[in-house]
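Input: a single structure, listed below in structure tokens.
Taken together, the values in this text are just the output of simple stated rules run on the coordinates, not laboratory data. Quick caveat, the model's predicted, so the values are computed rather than measured. Backbone-built Cβ (ideal geometry, glycine too); neighbour counts: all protein chains shown.
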Amino acid sequence: MQKRVGFAQRYGWLLLVLLTAVFLRLYHLTSAPPGLTHDEADHGLTAWRILSEGARDIYFPIGYGREPLYDYLTAGLMALLGPTYLAGRLVSVFASLLALAALHAWVALAFGRRVALLTLAGTAVAFWPLMTARQMLRSSLLPLLLTLAVLLFWRGLCQVTIRDWRLETGHQSPILKFLLGGIFLGLSFYVYLPARVLWVLFPLLLLFWALTDRPLLWRAWRGTLVMLSTAVLVAAPLFLYLARNPQLEARVSELSAPLRAAAQGNFQPLLHNSLASLHLFTFSGDTAWRYNIPTRPFFDPLWGALFYAGILLALYPLFRTPGGHGVGKSRRPPAFFALAWLLLGMAPVLVTGPELATTQAIGAQPVLYLFPALALAKLGDWGLRIGKKSFIAHRQWLIAFLLFSSTAVFSARAYFFTWANAPEVRVQYETTLVTALQYLALRPAEGVAISTIAPAPEHSPAVARMVLPHAEQIRWFDGRSSLLLPPQAQTTVLVPDFAPLPEGIMRYWATAVLSDTLPMRPTDPDRPVTVYQIDTSAALAQWQTQFTPPPAPTFLGDALQFLGYDLQMSAPHPGDLLRLATLWQVRRSLPQAQLFTHLWPGSGQPMAQQDLLSAPAANWRAGDLLIQLHEFIVPETAVAVPYQLLIGGYDPVSGTRFPVTQGGQPAGDAIMLQPIILEP
């Protein structure tokens, strides 16, 4: 590589790398990933709530709890594109491209333009950065905010270490750079949990100078203090809110278990996770199909060798006598800073282990390809020293081009062909459900119900709202133990193979007419998706012959009317599976609800029971018909005496049972069905 590269050549390579990054991140963005995970859909649903309902939370309690900035940015893009998952993916893409630009600018300041271009190229075409840039996840925003904070911090340091805070005519005050850096650092706390570790980078650099270069410390400490103070002020509202609501961060307690064990003297979990996480670089990567090709490490063998060589090159200046003054002239501060960045970025997975490392180690991603770049630059220097006739000296840019272009091809092949088409990925990204929703988009129907294993509002319904307009009209139920029909005269019911109707529900399915089967890939484990048409009146007429009605109109709270029950066995024995179906009509939806079934001996505790509601109450609409299947094993110890079957409901949060009214009169908090005498 020539030491002096012409303007056109330098910026030509830079433009080529950036265009490659843009292409890889935008190509088939709506179809790869091949659907949405629940986490992605929840981001989209939250963003739409911000836009349409005026939600202004500082922390969203959905799932394990979630920082809000990504959702607010997605909401801003949804204002232009509407409630589509494309808005969230574009936020991730734009964040990735801006992070690449900021990374190039910082590395150019700290290590020079040649290393900066090589770092940029590696990050632009590598598999892991490509994967995270196309995911609709808040973690994709962390590299941008952190790298911007580092860039502004470093620019401020370069200025104050040269001018010692004394302004000259035409020079901007360095304080502004530290203030802006602090703002971006503070905003990173509103994105993803690892930011709570990564801020330590900046005081660590001061500590390094305290041990190695006191004059530089005295020039830099004020700017660092300004930056950290600004970050604290920006992040303070979030942490004050979390301090008042500690129950929102259940995930923090779960992930910190190895640290708590270490504090009690048991270092084994922490040591095991740390050693296993060191394999991530070159031996064995994240095992989850959701975010990686299982066990694929960050680097292949060639890049891994360059990475380890770069680590050694970064360590080397730390053991030499410093040369030059200021962060722009000495190799020691940037080398230490890069190594500290890598270590702190990897800190979360060193604690929790390598599973899901591609998201939890996202803080290390910006600096990861700096180390191979250092090795490549050093190889170029050695090539120049060999002589002008050396093949390496004359072909360095060509060799670099072949290396990065082949990496781009391998990453694209791994992502777009291997990963995106893997059956496991299609399952986790709800490809079957998305296929069903796309079918409905082309064939709108008045009443639609879909069977799914995840009918809760934050799961399959959230995916639907990001794919299908007016998806809020769909009814959701887990067909493995329930059936929910909207009140329209004709209902379209989609049943994917991952949530089929069992024998206990199929007996109420006689009026259903098979109308279509959706094409799926032969390798899809969830195929097929069957589409049925149901005449609601005919179905209800059939059910009235199968279900025993109550003696008088019976209601569970003000949300459900009990229409009857069907005990699907006449004389159970001890050890038998007792199967009971109950029929309800919805009067209104509820935030949450649960049904219970008890086999009660007449006093004391139930002999057997099941608590289950497979069609979440938040999805109900007035007039819906619900069949719930209740199953439990009669204990072997049960004796042949009369038992009472009880059915009722309660709020699972408060535990309060819903009152029962029968014939307009209060009837306790449970509905009594027929007595059962067990056969010996």
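Quick notes on this structure:
- Peptide packing: for 649-659, 308-318, 53-63, the average count of neighbouring Cβ atoms within 10 Å per residue gives the ranking 308-318, 649-659, 53-63, highest mean first.
- Relative contact order (%) - criterion: Cα under 8 Å, at least six apart; region: the stretch 431-536: 29
- Using C-alpha pairs below 8 Å separated by at least 6 residues, the relative contact order for the stretch 40-178 is 23 percent.
- Annotation: peptides 505-511, 151-157, ranked by per-residue average of other Cβ atoms within 10 Å with the highest first, follow the order 151-157, 505-511.
- Overall, the chain carries a charge dipole of about 4620 debye about its Cα centre when +1 sits on the Cβ of Lys and Arg and -1 on the Cβ of Asp and Glu, all other atoms neutral.
- Extension gain, Ala608-Asp516: 0.36 nm per intervening residue step, less the Cα-Cα distance, totals 29.0 nm.
- Additional length obtainable on full extension of the chain from Leu80 to Ala541, 0.36 nm per residue less Cα span: 161.2 nm
- Degrees separating the helix 85-111 axis from the principal Cα axis of the chain, which is the longest one: 20
- Relative to the dominant Cα principal axis of the chain, helix 332-352 is inclined by about 20°.
- Separation in nanometres of the label points that stand 7 Å from Cα toward Cβ, at Val200 and Gln585: 6.3
- Which of His630, His279, His459 has the fewest Cβ neighbours within 10 Å, and the rest in rising order: His279, His459, His630
- With the highest mean first, a sort of the peptides 203-209, 663-669 on other beta-carbon atoms found within 10 angstrom per residue produces 203-209, 663-669.
- Dipole of the chain, positive end: most advanced residue of Leu271, Gly363, Leu518 [Cβ charges, Cα centre]: Gly363
- The distance between label points at Thr548 and Phe417 comes to 6.4 nm (points 7 Å beyond Cα on the Cα→Cβ vector).
- In this calculation the C-beta distance from Leu29 to His470 is compared with R0 = 35 Å, giving a FRET efficiency of 0.90.
- Projecting the Cα atoms of Pro486, Ala581, Phe281 onto the charge dipole of the chain, computed from C-beta unit charges around the Cα centre, puts Phe281 farthest toward the positive end.
- Residue (of Phe596, Pro551, Thr435) at the positive-pole extreme of the chain, dipole from beta-carbon charges: Thr435
- Between helix 214-244 and the chain: long-axis angle, C-alpha atoms, 0 to 90°, nearest 10: 10
- Here the contact order of the chain, divided by its residue count and restricted to Cα pairs under 8 Å and six or more residues apart, works out to 12 percent.
- Extension gain, Leu302-Ser256: 0.36 nm per intervening residue step, less the Cα-Cα distance, totals 13.1 nm.
- Ascending count of other beta-carbon atoms within 10 Å, so fewest first, for Asp576, Asp558: Asp558, Asp576
- With each label modelled as a point 7 angstrom along the Cα→C-beta vector, the Gln438-Leu176 pair spans 4.9 nm.
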